[in-house]
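Only one structure is covered here, and it is reproduced in the block below.
A short reminder: the numbers here are calculations on the coordinates, not readings from a lab. Just so you know, these numbers come straight off a predicted model, no measurement behind them. Positions of Cβ are generated from backbone atoms using ideal geometry, with glycine treated the same way; all protein chains shown enter the neighbour counts.
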Amino acid sequence: MSTNTLDSLVSRLTDLDVNHQNLSVAELVEKVLSREEGVLSSTGAIRATTGTYTGRSPKDKFIVKDEESQDHVEWGSVNQPISEEKFENLFHKVIDYLETQNELFTFKGFAGADEKYRLPIQVITQFAWHNLFANRLFIRPSKEELENHQAGFTVVSAPHFKADPEVDGTNSETFIIVSFKHRIVLIGGTEYAGEIKKSIFSVMNYMLPTKNEVLPMHCSANVGAEGDVALFFGLSGTGKTTLSADPSRSLIGDDEHAWSQNGVFNIEGGCYAKTVNLSAEKEPQIFNAIRFGSVLENVILDENREADYDDTSLTENTRAAYSIDNIDNIVRPSRAGHPNTIIFLTADASGVLPPISKLSKEQAMYHFLSGYTSKLAGTERGVTEPQATFSACFGSPFLPLPAAEYAKMLGEKIDEHNSEVFLVNTGWTGGPYGEGSRMKLGYTRAMVQAALEGDLKNVETVQDDFFGLHIPTECPGVPTEVLHPKKTWADKDRYDQQAQDLAKKFHENFKQFDHVTKDIAEAGPTFRG
Ligand SMILES: Nc1ncnc2c1ncn2[C@@H]1O[C@H](COP(=O)(O)OP(=O)(O)O)[C@@H](O)[C@H]1O
Ligand SMILES: C=C(OP(=O)(O)O)C(=O)O
Ligand SMILES: [Mn+2]
């Protein structure tokens, strides 16, 4: 592309008449209501619905392949290439479209709570409620920071603009396109707000390791009274947000963090919780965070405008977005030291993985690369019931670089800081999905607490027959039979069969990682068929 077009891209963005810049939360709420984009809930939150797209749309996500990105990105079905020409054409069409709008909203702020590594970002949105979302999820600037703000990346969200796949080279009328060269994310055709935050996460996953040798991670994080830090890695629905909200520990963040030589820091300034079946009894912190300024997405309200969290008629993936300040015990700024404990969360729908097991260093690397879980209904388009999936680093939809690069960094950091690693199955027990039941949240919380408080350090373990995982024989607050999945199944032979099937899937998936050391390759399931 010529320098001319490059300049014109940037200048068209700068010249865009964005008449509402960093409106206050109160003003944004007024805008949402006067523009009839949403309604107030009984607790003062904004409720918006998103139409067709109620979850992320991975098939519509592209990265512009140009001289900046081509040699770095791991191209494939996750990181699909799109040409500079197509991007440029679509960009101009989106800007033409936005210029027809009477009102546009921008949020300027930051991604990254560590000033040394933070990325100044701006989010230009067609919808006021998307701007409220950006304000809640990203790091809000002080007055001074706003005055000196120079955006290092821009997200443009034009949900009512639809692409023409034939002409525009997209997969459908919906698109999420990242240009690392122009530092622009273009979103169109979808109203699901999660795309906005997760696209900046993808950007951080590209920029942090290459420029700063900092490891970005799809995990939640909290810190205990003694300064002991815990990370919870996991794919969507495995419990990152739920388990990091723990009244006995201070929250660092619920979804996106980075680990530098100084410790961990949150990338965001807010949380985005799944609200399906949310209750004040089981998840009081999240329940009470949903108040004025928060956003409820695709949640059904009753005639008194009270949220009915059990109603999934729009989607299973109902969400609440709220500022981290809505949680009582947080660390501010959202930073802490090096992780003492790392928990890999998996929601195993086949019901065979133990609810908690201790991982050796090699097992930790094996499971990080494997990233096994079951995709639960809703968060991604087209997923309606649990599907076994392997998602490297527990976050492959967001990783532009090869998984091995992130895994290598994690391995080095775990070695250096001697972090203890556990695998926690928050999924099914007593049988597979449909027959067994989901592990009781209370039990999972008790197991996590035991792991974090060191109660499992010297406890006796037994090795399971199929996966080679070390299962504690006892754990405070948890009946012993719950710790051994086979004991919870009525039909032991079927358990063995399911476990063997899953072990085979692990081996099949791991074949792609032929470069790892023998120790790591052999740390997978002991059953080899
Ligand atoms: N044993 C369990 N551990 C964690 N979450 C559970 C458990 N059982 C049910 N859940 C539910 O699963 C969902 C986990 O979602 P969430 O914490 O938002 O996941 P993530 O942040 O990883 O996407 C919540 O709705 C939570 O109530
Ligand atoms: C918002 C998302 O993240 P999570 O479900 O991991 O919280 C998502 O994957 O769209
Ligand atoms: Mn979450």
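Within segment 412-453, can you find the residues that are away from ligand 2 (no atom under 16 Å from the Cβ) and among the polar types (S, T, N, Q)? Those that are away from ligand 2 (no atom under 16 Å from the Cβ) and among the polar types (S, T, N, Q): Asn418, Ser419, Asn425, Thr429, Ser437, Thr444, Gln449. The single condition among (1) in contact (Cβ under 8 Å) with a residue 24 or more places away in the chain; (2) surrounded by 17 or more Cβ atoms within 10 Å (Cβ to Cβ) that Phe287 does not satisfy is (1).
Taking the conditions exactly as written (more than 22 Å from Glu405 (Cβ to Cβ), part of a strand (DSSP E or B) and in contact with a helix residue (DSSP H, G or I) (Cβ under 7 Å, 6 or more places away or on another chain)), does Leu243 satisfy them or not? So Leu243 does not fit the description; no. Can you confirm whether Thr242 is surrounded by fewer than 22 Cβ atoms within 10 Å (Cβ to Cβ), among the polar types (S, T, N, Q) and touching a residue at least 24 places away in the same chain (Cβ under 8 Å)? No, not satisfied.
On the given criteria, is Ser260 farther than 29 Å from Val39 by Cα and within 12 Å of ligand 3 (Cβ to nearest atom)?
no
Restricting attention to segment 213-252 and to residues that are within 11 Å of ligand 1 (Cβ to nearest atom) and among the small types (Gly, Ala, Ser), the residue that is farthest from the chain's Cα centre (by Cα) turns out to be Ala245. Looking across Glu195, Glu191, one residue alone is over 25 Å from Ile330 (Cβ atoms), of a type in the set (Asp, Glu) and in contact with a Gly (Cβ under 8 Å, 6 or more places away or on another chain). It is Glu191.
Among the residues of segment 208-238, count how many are part of a loop (DSSP other than H, G, I, E, B) and either without any contact (Cβ under 8 Å) to a residue 40 or more places away in the chain or crowded, with 24+ Cβ neighbours inside 10 Å (or both). If you could, list the steps in order and put the result at the bottom.
Looking only at segment 208-238, we keep the residues that are part of a loop (DSSP other than H, G, I, E, B), and these are 213-214, 218, 224-228, 234-238.
Applying the additional criterion that residues be either without any contact (Cβ under 8 Å) to a residue 40 or more places away in the chain or crowded, with 24+ Cβ neighbours inside 10 Å (or both) yields 218, 225-226, 234-238.
The number of residues fulfilling the criteria is 8.
Residue count for segment 205-257 under the criterion of being over 30 Å from Gly442 (Cβ atoms), within 16 Å of ligand 3 (Cβ to nearest atom) and among the hydrophobic types (A, V, I, L, M, F, W, C): the result is 0. All of Asp325, Asp308 fail the test of being in contact with a Leu (Cβ under 8 Å, 6 or more places away or on another chain) and surrounded by fewer than 23 Cβ atoms within 10 Å (Cβ to Cβ), apart from Asp308.
So that you can scan it fast, the table gives a plain yes or no per residue for (1) in a strand (DSSP E or B); (2) out of contact with any strand residue (DSSP E or B) (no Cβ under 6 Å at 6 or more places or on another chain):
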residue: His149; (1), (2): no, no
residue: Lys162; (1), (2): no, yes
residue: Val167; (1), (2): no, yes
residue: Ser172; (1), (2): no, yes
residue: Ile177; (1), (2): yes, no
residue: His182; (1), (2): no, yes
residue: Ile187; (1), (2): yes, no
residue: Tyr192; (1), (2): no, yes
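Kindly list, by first and then second residue, each pair from a residue in segment 105-130 that is without any contact (Cβ under 8 Å) to a residue 40 or more places away in the chain and charged (D, E, K, R) to a residue that is part of a loop (DSSP other than H, G, I, E, B) and crowded, with 24+ Cβ neighbours inside 10 Å, limited to pairs with Cβ atoms under 9 Å and residues at least 6 apart or on different chains. Within 9 Å, the pairs are Arg118/Gly112; Arg118/Ile267. Close Cβ contacts (under 8 Å, 6 or more residues apart or on different chains) running from residues in segment 357-376 that are under 18 Å from His507 (Cα atoms) and within 16 Å of ligand 2 (Cβ to nearest atom) to residues that are of a type in the set (Phe, Trp, Tyr) and in a helix (DSSP H, G or I) comprise Gly371/Phe394; Tyr372/Phe506; Thr373/Phe394. Scanning segment 361-402 for residues that are farther than 30 Å from Gly434 by Cα, surrounded by fewer than 21 Cβ atoms within 10 Å (Cβ to Cβ) and hydrophobic (A, V, I, L, M, F, W, C) returns a single hit, Leu401.
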